[in-house]
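The values are calculated or read from the model by the stated rules, or taken from the named source; none is laboratory data. Predicted model, so just to flag it, every value in this text is computed and none were measured. No Cβ is skipped: glycine too gets one built from the backbone with ideal geometry, and neighbour counts run over all protein chains shown. To get the accessible areas, we keep the full protein, side chains included, count just its heavy atoms, and leave off ligands, DNA and RNA. Shrake-Rupley method; radii C 1.70, N 1.55, O 1.52, S 1.80 Å.
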Amino acid sequence: MKPDNDSLYRFVVEGCNVRGQLVYLDKSWQELASRHDYPPVVRTILGEAVSAAALLSATIKFDGALSIQASGDGGLRLLIAEATANGTLRGLARWKGELQGARLAELLGNGRLAITIDPGKGRERYQGIIELQGSGLSQSLRSYFSQSEQLPTRLWLAVEERRIAGLLLQRIPEAVHENSWLDPGKATGDAWRQSVEHANAINPRDLLELDVADLLARINGARPVRLYRGEDWRFLCSCSREKVTEVLRALGRDDLDSLIEERKQVSVSCEFCNADFSFDAVDVAQVFAADQHDLQPTRH
Ligand SMILES: [Zn+2]
């Protein structure tokens, strides 16, 4: 079975303590990456972050958004990948000057990596700061799962121009095993260790291209696997004229008026999707007219 485009699959290895997810991003990735002319090394890191964000968001039940964000003083200044519970993805990277190395820690220099979960509906955001591990994003994320005392989790990420893919394996608490009277700890512990070893041996091209059933057989050997079709993904930015209006309002009337005087209009462009929002003198007046309206006494 060829994997569908822009899709996620979940699987459970029967009778074992291993479960996982596979994500394939095609059109969503192409649209996201086409917004800026990324150098190949930046594009690769961005692709890894985007597939990791999709995988991580699919491990939790929530209504909001999960983002992976990195910033540093190296050639790679900023990296953001965001996945929402509605199956939308967006992301961007900013870079400057010469890029050193290819791994995340090298590119970022003195940097930090954070995972933010915004559960939506006004609930409190959670942020985990991760120590950058020299060998790349998936290794750094592995330490995120152990730091935050979550289930042991490993990720494998593959990026090419038109498709990105990711595999997540998670060790769940001991399964009740048909043959558990034999030696349950050993049986399930071995399954986890073997699946991780097998996944380590899979090259990125196979992760991108193999049939789902073949890939799962390579990872889990002869163990039976239950496979579920999960979410579809698409590129969609959550920016809006209303949100830009909020930002402009926070700048204050005086600053905006002087900008308008100087340039006739204020333009704000969204870095995620390149959408442009322009405000002329009349628009700016309206931004603040709404404020005055709010200040009017209300009758009860
Ligand atoms: Zn946007």
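Working only within region 72-117, note down all residues that are of a type in the set (D, E, K, R) and either open to solvent by less than 60 Å² (accessible area, probe 1.4 Å) or within 16 Å of the ligand (Cβ to nearest atom) (or both). Lay out the reasoning, then the answer.
Step one: of region 72-117, the residues of a type in the set (D, E, K, R) are 73, 77, 82, 90, 94, 96, 98, 103, 106, 112.
Across region 72-117, the qualifying residues are GLU82, ARG90, ARG94.
Let's see how each residue does on (1) open to solvent by less than 10 Å² (accessible area, probe 1.4 Å); (2) farther than 17 Å from PHE235 by Cβ:
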| residue | (1), (2) |
| --- | --- |
| VAL41 | no, yes |
| LEU46 | yes, no |
| LEU56 | yes, yes |
| ALA70 | yes, yes |
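Could you please let me know if LYS61 is within 25 Å of THR116 (Cβ to Cβ), charged (D, E, K, R) and assigned by TED's automatic domain parsing to the domain that holds ALA217? So that I can check it myself, show each step before the final result.
Details: within 25 Å of THR116 (Cβ to Cβ): yes; charged (D, E, K, R): yes; assigned by TED's automatic domain parsing to the domain that holds ALA217: yes.
In short, yes.
Table: residues versus (1) closer than 13 Å to GLN21 by Cα; (2) open to solvent by 30 Å² or more (accessible area, probe 1.4 Å); (3) in a loop (DSSP other than H, G, I, E, B); (4) within 16 Å of the ligand (Cβ to nearest atom).
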position: ARG193; (1), (2), (3), (4): no, yes, no, no
position: ARG205; (1), (2), (3), (4): no, yes, no, no
position: LEU215; (1), (2), (3), (4): yes, no, no, no
position: ARG218; (1), (2), (3), (4): no, yes, no, no
position: ARG223; (1), (2), (3), (4): no, yes, yes, no
position: TYR228; (1), (2), (3), (4): yes, yes, no, no
position: GLU231; (1), (2), (3), (4): yes, yes, no, no
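Go through region 262-271 and count every residue that is within 14 Å of the ligand (Cβ to nearest atom), open to solvent by 30 Å² or more (accessible area, probe 1.4 Å) and not small (Gly, Ala, Ser).
Number satisfying all stated conditions: 2.
With under 23 Å from ALA199 (Cα atoms) and among the aliphatic types (A, V, I, L, M) as the only criterion, which of LEU46, LEU79, LEU89 stands out?
Working: LEU79 fails: under 23 Å from ALA199 (Cα atoms); LEU89 fails: under 23 Å from ALA199 (Cα atoms).
Only one candidate qualifies: LEU46.
Considering GLU271, GLU242, which residue is modelled with pLDDT of 90 or more and part of a helix (DSSP H, G or I)? Show your work before the answer.
Values: GLU271 fails: part of a helix (DSSP H, G or I).
Within the list GLU271, GLU242, the selection yields GLU242.
Being more than 28 Å from ARG223 (Cα to Cα), part of a loop (DSSP other than H, G, I, E, B), assigned by TED's automatic domain parsing to the domain that holds GLN150 and touching a residue at least 24 places away in the same chain (Cβ under 8 Å): is that true of GLY74 here? First the steps, then the outcome.
Numbers: more than 28 Å from ARG223 (Cα to Cα): yes; part of a loop (DSSP other than H, G, I, E, B): yes; assigned by TED's automatic domain parsing to the domain that holds GLN150: yes; touching a residue at least 24 places away in the same chain (Cβ under 8 Å): yes.
Judged against the criteria, GLY74 is a match.
Identify, please: which residue in region 238-261 is open to solvent by less than 60 Å² (accessible area, probe 1.4 Å) and of a type in the set (Val, Ile, Thr) and is, among those, farthest from the ligand (Cβ to nearest atom)?
Filtering region 238-261 for residues that are open to solvent by less than 60 Å² (accessible area, probe 1.4 Å) and of a type in the set (Val, Ile, Thr), the one farthest from the ligand (Cβ to nearest atom) comes out as ILE260.
If I ask for residues that are under 20 Å from SER51 (Cβ atoms) and touching a helix residue (DSSP H, G or I) at 6+ places or on another chain (Cβ under 9 Å), which ones from region 5-17 would you list?
Initial filter on region 5-17 (under 20 Å from SER51 (Cβ atoms)): 5-11.
Once the filter is applied, which keeps residues that are under 20 Å from SER51 (Cβ atoms) and touching a helix residue (DSSP H, G or I) at 6+ places or on another chain (Cβ under 9 Å), region 5-17 yields ASN5, ASP6, LEU8, TYR9, PHE11.
If I ask for residues that are aliphatic (A, V, I, L, M) and surrounded by fewer than 24 Cβ atoms within 10 Å (Cβ to Cβ), which ones from region 9-21 would you list? Show your work before the answer.
To start, the set of residues in region 9-21 that are aliphatic (A, V, I, L, M) comprises 12-13, 18.
Within region 9-21, just VAL12 meets the criteria.
Under 8 Å by Cβ, and 6 or more places apart or on different chains, what pairs join a residue from region 274-285 that is outside the structural domain of THR245 (by TED's automatic domain parsing) and within 16 Å of the ligand (Cβ to nearest atom) with one that is open to solvent by 40 Å² or more (accessible area, probe 1.4 Å) and at pLDDT 95 or above?
none
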